[in-house]
């Protein structure tokens, strides 16, 4: 899916710079939290990630409109901020898809805060009571800032479609209108093909 768009130029996200310095394989998924294409892509990558090499790291980036709003409304903005807050608290060594795989199963509750579903998903993803509290605190105190930064980073790359997949700085596929498009390097959209490619480009 595509938001209202206008190109902006900003520096790369801190996560990207950190991972570049550490020479890890960076898989960026550019998403809208309440976009069905994003949800289906995250399911595929959740399965694929089970066979990723140890140096692979998954990072979600949010697609917003130029004015910072979200295509699917305020609940989507909330969902974006929740997912970014989990990443901010848990760090890049945590597979964010362990959370979204659970969170997305109740699509209508994405972005609803507070809610038992969110708490249950955080617990099931392995977060402690202290970590869950830190996620909510980060969501409330820094959620807007995190989403604005991610949205501007996404716009600076010219990314428009949820879900766009970027691996080690190269866009290698797009999930749009319930289909994979613009796939490169022999990837066919299956978990196995994504895993094979990530292992191939891994630095270790």
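Bear in mind these aren't lab numbers, they're just calculated from the coordinates by the rules spelled out. None of these values were measured; they are calculated from a predicted model. Reconstructed Cβ throughout: ideal geometry from the backbone, glycine too, with neighbour counts over all protein chains shown.
Points worth noting:
- Segment residue 141-residue 184, extension gain: residue separation times 0.36 nm, minus the distance between their alpha carbons: 11.5 nm
- Once the chain from residue 129 to residue 170 is taken as fully extended at 0.36 nm per residue, the excess over their C-alpha distance is 11.0 nm.
- Taking every DSSP bridge with both residues inside the range 14-201, close to 60 percent are antiparallel.
- Calculated FRET efficiency for the pair residue 196/residue 65, C-beta based, R₀ 45 Å, to 0.05: 0.80
- Computed from the C-beta positions of residue 50 and residue 119 and an R0 of 30 Å, the FRET efficiency is 0.75 to the nearest 0.05.
- Label sites at residue 106 and residue 74, each approximated as a point 7 angstrom past Cα along Cα to Cβ, lie 2.1 nm apart.
- Normalised by the number of residues in the chain, the average gap of Cα pairs under 8 Å and 6 or more apart makes the relative contact order 35 percent.
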